[in-house]
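These notes concern the structure reproduced below.
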Amino acid sequence: MKSCPKCMRVFPDDAGFCPADGTSLQHASMVPIANTENDPRLGSRLCNRYELRRVVADGGMGRVYEGIDKQTQTRVAVKVLHDDVSKDDVALERFKREYEISSQLPHDYIVKVMDFQRDESSGVWLLVMEFLDGEELRFILKREKSIEPSRLVRMLAQTAIGLDEAHNRQFVHRDLKPDNLFLCGTREGDNVKILDFGSVKDKNKDAKKLTVLGTTIGSPYYMAPEQAQGLDTLDARADVFALAAITYECMAGTVPFTGNNGPSILLAILTKDPEPVSKKGASGKYPIPTALDDVLEEALAKNPNIRTKSVGDFATAVGRAYGLAGDHKGWARVPAADLAREIAEAAARAPVPAQRLEAAADPFASPDPFAAKPTSATAPMNAPIRVDPIAQTALGGPPYAAGSQPTFGSQDQRGDDMSDPIAGMPASRPPWLIAVVVGVAALVVGGGIAFVALSR
């Protein structure tokens, strides 16, 4: 293994220069550990195996170091638990279970946990994982607000493959959030690693339960309704909900459910529906197809029985909403640049939504006896054609002028003044005319009924 004498990062033997600062690399054994005053663990070897080279991060559960596994000569991430965590039996059991579950999972898209034990000399507990180069999705969203479609589709496809494998083994992650999706950059695009299976719900028959019934575990913004209620019926569909909430945030730049504190967020999840993502993210950098509104609505359904059945189905639905052919298993390995080109081509082929038109007149409707007046020869070319259908019929012509339809609308559009009457037709329609017509019709009908009754 080699190390950078400036930043203390560790690299494989075939590396020449540090990509972070350009410094020429040296063999790790030749690079002394600098600045150990702030952390006396730097340079030490835990469990007589893991040499700690530099501090990577600090969290609520422990401090993470980059180190070298001297037995395998590989880079590792070593999480040393805080003292108060080490004294919590439930917390220790969760870390132990994360290690045990990791051995049962494929690691293409799930971080590999390689060891969990106590260092006898210092008394600290440590969790050892593969070392990852990249950053959490949370940092990317904080910096960029939203994710471009090709990057999102590839990320969801890989996440779905990893989670579906866990779900097939009856493991529900239960704490999906942008902090637990780690993106490792490559030339072809990001490779996802799902982190932290410490909150996993083991649905296997003989699984040991660490959560008291009714206890809520997870991050409020991404928690399914059944999870927010602490229901024991929670299953893989809770991870579908969480991944859909993450997707919504990647598109719209904000979470689907908001609140001032944890209880108010959970109340929103239980009682409110989010704004359609195409509307919420309309002002963002990347266009959001309206087809995604239905995809996310189904995946965020409050009733798990009508929610999208699996994370794989959800990832495939998102890609197809962007116009891609195939499914998530194929997209997971397609370079991001190729996905971006296919999405752009699909968007170019998509039909332009037709403009909304006024409803056309029904050609089979009975003609209006009081339609507009005939069009004079001097009427402007763009003026609506007004023809009296009764007059045209009386003269033996069609009820409408050839190639035209009657104009309906307000009184002035119907031309009630009829300044050009046709011979034999009244020049105006007195208000009593309709009443007379209705009265005569009533007398005829009434007389007919009376005749029939008398004839019996």
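The values are calculated or read from the model by the stated rules, or taken from the named source; none is laboratory data. Predicted model only: the values in this text are computed from it and were never measured. Ideal geometry is used to build each Cβ from the backbone, glycine not excepted, and the neighbour counts take in all protein chains shown.
Step by step: first the residues of region 103-128, then only those that are crowded, with 19+ Cβ neighbours inside 10 Å and within 31 Å of the chain's Cα centre (by Cα), then the one that is nearest to D39 (Cα to Cα). Which residue is that? The residue in question is V113.
At least 3 residues that are within 17 Å of the chain's Cα centre (by Cα) in each: list the helices (runs of 4 or more DSSP H) lying fully within region 287-341 that qualify.
The qualifying helices (runs of 4 or more DSSP H) are 291-299, 311-321.
When you check Q71 against the structure, is it in contact (Cβ under 8 Å) with a residue 60 or more places away in the chain and among the polar types (S, T, N, Q), yes or no? So Q71 does not fit the description; no.
Going by what's in this entry, would L163 be described as in a loop (DSSP other than H, G, I, E, B) and either under 17 Å from the mean Cα position of the chain (by Cα) or modelled with pLDDT of 95 or more (or both)?
Here the answer is no, as L163 does not meet what is asked.
Looking only at residues that are surrounded by fewer than 20 Cβ atoms within 10 Å (Cβ to Cβ) and of a type in the set (D, E, K, R) in region 70-93, which one is farthest from the chain's Cα centre (by Cα)? If we take residues in region 70-93 being surrounded by fewer than 20 Cβ atoms within 10 Å (Cβ to Cβ) and of a type in the set (D, E, K, R), then K70 is farthest from the chain's Cα centre (by Cα). Take the conditions (1) touching a residue at least 40 places away in the same chain (Cβ under 8 Å); (2) assigned by TED's automatic domain parsing to the domain that holds D190; Q104 misses just one of them, which is (2).
Filter region 326-340 down to the residues that are under 14 Å from D313 (Cα atoms) and of a type outside the set (D, E) and list them by number. Residues satisfying the conditions are G326, H328, K329, G330, W331, A332.
For region 105-150, the set of residues classified as more than 15 Å from L195 (Cα to Cα) and touching a Gly at 6+ places or on another chain (Cβ under 6 Å) consists of K145, S146, listed by residue number. As a summary of the residue check, L105 satisfies the conditions (1) touching a helix residue (DSSP H, G or I) at 6+ places or on another chain (Cβ under 9 Å); (2) at pLDDT 95 or above; (3) of a type outside the set (K, R) except for the one numbered (2). Listed by first and then second residue, the pairs with beta-carbon distance under 7 Å, at least 6 apart or on different chains, first residue in region 109-123 and under 9 Å from C47 (Cβ atoms), second assigned to a strand (DSSP E or B), are D115/V128; Q117/L126; R118/W125; D119/L46; D119/L126.
Kindly list the number of the only condition in (1) surrounded by fewer than 21 Cβ atoms within 10 Å (Cβ to Cβ); (2) under 21 Å from Y222 (Cα atoms) that fails for A337. Every condition holds for A337 apart from (2). Could you tell me whether L46 is surrounded by 14 or more Cβ atoms within 10 Å (Cβ to Cβ) and touching a residue at least 40 places away in the same chain (Cβ under 8 Å)? Yes.
Before we move on, is A301 surrounded by 22 or more Cβ atoms within 10 Å (Cβ to Cβ), of a type outside the set (S, T, N, Q) and in contact with a Lys or Arg (Cβ under 8 Å, 6 or more places away or on another chain)? No; evaluated as a whole, the condition is false for this residue. Report every pair of residues separated by at least 6 positions or lying on different chains whose Cβ atoms are under 6 Å apart, first residue within region 248-274 and farther than 30 Å from Y322 by Cα, second among the acidic types (D, E). Here the result reads none, with nothing in region 248-274 linked to a residue that is among the acidic types (D, E). Those helices (runs of 4 or more DSSP H) of region 33-152 in which 2 or more residues are within 29 Å of A315 (Cα to Cα) occupy 89-102, 137-144.
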